[in-house]
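Notes for the one structure printed next.
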Amino acid sequence: MAPLMAPVVALLMLAGVQAGDIVDRSGFLSKADAADALYDYYKFITPNVAPTAQGKNPVVSTAASTKEFESPKIADSEEKHGISLSAIGVGLLSLAAMLGIRLRRGLQPATASSIGLGPEMPLNTTSALGGNATEMKSQSRVGWSQLSSQNSSASTLCYAGSVIEKPVVDAKPAAVRDLTGNIPDCPATIWNADNIDIAAEKAKAVAQGPLPQCPAERVAPSPGLGVEYFRENSEQIIADLKTHGCLWFRGFDLMKDEAGFRQWYEAVGLDPCLDPIHTSGLRSFASQSDAIYEEVNKQSLSQHYIGLHQESTHKKTATYGAFVCFKPATEKGGEFMICDAAKMARDLDPEVAQRIYDRKIRISVSNLDMNFLEATGPLKEPLMEGARVLVDQLVAPKFDMDLEMKYGADGKPMRMQAIEQVASPFNRHPETGELLWFCNIHNHARYLRDNRPCTVPEVGMTEVFFGDLSPISTEDLDHINAVSEANIQRIPMQPGDVLLCDNYRVLHGRDIFWGDRYHAVSWFGGLVKDRPEGYDDSNDNSKPGDFLNKIVNKFVVSSI
C-alpha cells in the first residue's frame, strides 16, 4: 500500500472536487444548496434493520413528498481547533464530504381516548388521518376522555374524573442547562428478530383484535396550558404512548418555540439523546443547547418525497422521537407522515414477507462513481483498491454504521457503494414483543424512488438488495409500496403541534412542499425516571466522534 499512497491521496482529493462538480452538473443542487441539503437527505439513508447471521408496472406514488432534517453548520464564533490537516487528511476529508453527500441523500417510535376536535380544526382532518379517526369506547381507567372525529365537539381533558384547567404557559426557568456537549449517545438497537414465522405471528396478532388508533389525538382544552399540566399528566401520556404508538398534541401554545418545546419534553420526562448518525457530521441542530435537531426543511429538498423509515441503524435506535411544527409550509404540502409498523406487519402478504425475511436485506447508502480511473491504465485496479481500503478503514467507520465498501454491487463495476451489513426487515417490539415491520425499503429502494418525486442527484441514490446482494423483484417492491401507501397517515401539523412517536412502533416520512417550512425533532433514549442509579449526565455520556461532527461541519459542509 505504501507505494500507492500518493496516487490514492490525489484520487481522494479529486473525489472531493468531483463531489462538488457532480452536484453542480446535476442541475439539482448548487454547491450552496448542497451544503444546506447535505444532512437533510442523509438522515433518511440509515436503514433500521436487524443484524443477522446470515410484471412490472411503474410505481406511481399517490403521496406528495416529505423531508426532515437539515445540514449542520457550526457558528462562526466556534472555537478554532488547532489542527494541521495533512495531505491524506485533506483527501480523506474530501472523500468524507463526498460520501456524506451520498449518504445523506439516501436519507430517513388498551385504547386510550383523545379530545374532540375544536371548531378551528381543518375540515379535512379525518381524511388526513386516512379515515381511521373513528370513535372508540371510552375506558374506565383514568385517561383522556375520547378519540376525536371530524364532527365531534370540543371537549376538555379529564383525569380522575376532574377537569384540568391550568394557568397560562409557564415562564421559562431562569436557569436552563445548556446541553451542548452533554447529550447522551443514542442507545443500541434492541433486536429480537430470530425464528420469525410470519404467518403464525400474523395469526396471533389478528386474534388479539384490531390495533388502537395511531395516532391518538390530544387537543388542548385551553391553549395556555403549560408545563405543570404536562408534568402532572406525564405518566398517563407515557401509558397512552405505549398503547397507541403515537400521540398528536394539538393546540398548545407552549410548544410554539424551541424553549417551550424543551420545557414540554422535560415535563413529560423524556430523556434526550443524540441522533443515531450524529457522528457523520451531517446533522444540523435547530438548538443544540436544547437537544433539538432541525428536520428537512431546505428548499433544495422541498420537492423530494421522503419515504417511510424509523430513525435507526442496525447499531443504534432512538427509543422515542418528538416531531414539532414551528411553521408549516407557507404555500402548500409538507405534511408529516406516519405509519404503524405493527399494522404493516399484519397487512403484508405472508408469502412476500416471509421471503424477504428469510433472504434478509442489505441497503446501499451511497455511491461513488470512479469512472475517471478508466483512463489510468495499469494503475486503475490498484487505485480502485487503494481508495476502497482507505475509505473502508479510515472514513466509513466514522459514520458508525458498519459500512462495507464494495464495487459493482448494482452491476456497475466502477461504482463504489457503501453497504450496510446483512439484516432482518422485521423485529419484535422491545417491550410488547409485537411483530413490527422494521425496515426502510419504502424510502431506500431505487425502483420506488425512480417512480416518485425525487430531486436527488445520482450520487445520493440508495438501493436495497437481498442479503446476498441479488435484486429484490419489482413485484415484491410494488407490494411493499402499496401496503405502505395504504397505511400512511398524513398529519397537517400546525404551529405548536407535536407528534410523540415510539420509534420502534412507528415509521415516519414527509411529503413534498412549496414555500418555507420549519419543523424540528428531538430524539430520546428513554425516560429520565429510568436512568440507572448513579447516572452521570456529564460530557462522558456524549456520543463518541463528536469531533468529526464539528470538523466536517466547519471545514467541509460550511465551505461547499
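Does any residue of segment 292-309 turn out to be under 21 Å from residue 215 (Cβ atoms), in a strand (DSSP E or B) and touching a Cys at 6+ places or on another chain (Cβ under 9 Å)? Write out each step before concluding.
Keep residues of segment 292-309 that are under 21 Å from residue 215 (Cβ atoms), which gives 292-293, 295-296, 305-309.
Subsequent filtering for residues that are in a strand (DSSP E or B) retains 292-293, 306-309.
Those still in the list that are touching a Cys at 6+ places or on another chain (Cβ under 9 Å) too: 308-309.
Among the residues of segment 292-309, at least one is under 21 Å from residue 215 (Cβ atoms), in a strand (DSSP E or B) and touching a Cys at 6+ places or on another chain (Cβ under 9 Å), which makes the answer yes.
Checked against (1) touching a Pro at 6+ places or on another chain (Cβ under 7 Å); (2) part of a strand (DSSP E or B), residue 416 passes all but condition (1).
Any chance segment 404-416 includes a residue that's within 20 Å of the chain's Cα centre (by Cα) and within 17 Å of residue 315 (Cβ to Cβ)? If you could, list the steps in order and put the result at the bottom.
From segment 404-416, those within 20 Å of the chain's Cα centre (by Cα) are none; that's our starting set.
No, because not a single residue in segment 404-416 is within 20 Å of the chain's Cα centre (by Cα) and within 17 Å of residue 315 (Cβ to Cβ).
Sort out which residues of segment 376-418 are within 11 Å of residue 364 (Cβ to Cβ) and not hydrophobic (A, V, I, L, M, F, W, C), and write them in order of number. Within segment 376-418, 404, 406, 410, 415, 417 qualify. Apart from one condition, residue 391 fits all of (1) surrounded by 18 or more Cβ atoms within 10 Å (Cβ to Cβ); (2) of a type in the set (Val, Ile, Thr); (3) assigned to a loop (DSSP other than H, G, I, E, B); the exception is (3).
Identify, from the list 441, 491, the residue that is among the hydrophobic types (A, V, I, L, M, F, W, C), touching a helix residue (DSSP H, G or I) at 6+ places or on another chain (Cβ under 6 Å) and under 19 Å from residue 308 (Cβ atoms).
Numbers: 491 fails: touching a helix residue (DSSP H, G or I) at 6+ places or on another chain (Cβ under 6 Å).
The conditions single out 441.
The requirement of being within 19 Å of the chain's Cα centre (by Cα), crowded, with 24+ Cβ neighbours inside 10 Å, modelled with pLDDT under 95 and not basic (Lys, Arg) is not satisfied by residue 455. Residue 276 satisfies every condition listed in (1) of a type outside the set (Ser, Thr, Tyr); (2) under 20 Å from residue 215 (Cα atoms); (3) assigned to a loop (DSSP other than H, G, I, E, B) except (2).
Highlighted here are the strands (runs of 3 or more DSSP E) found entirely within segment 313-369 that include at least 1 residues which are at pLDDT below 95 and in contact with a Lys or Arg (Cβ under 8 Å, 6 or more places away or on another chain): 361-369.
The values are calculated or read from the model by the stated rules, or taken from the named source; none is laboratory data. Computed from a predicted structure; not experimentally measured. No Cβ is skipped: glycine too gets one built from the backbone with ideal geometry, and neighbour counts run over all protein chains shown.
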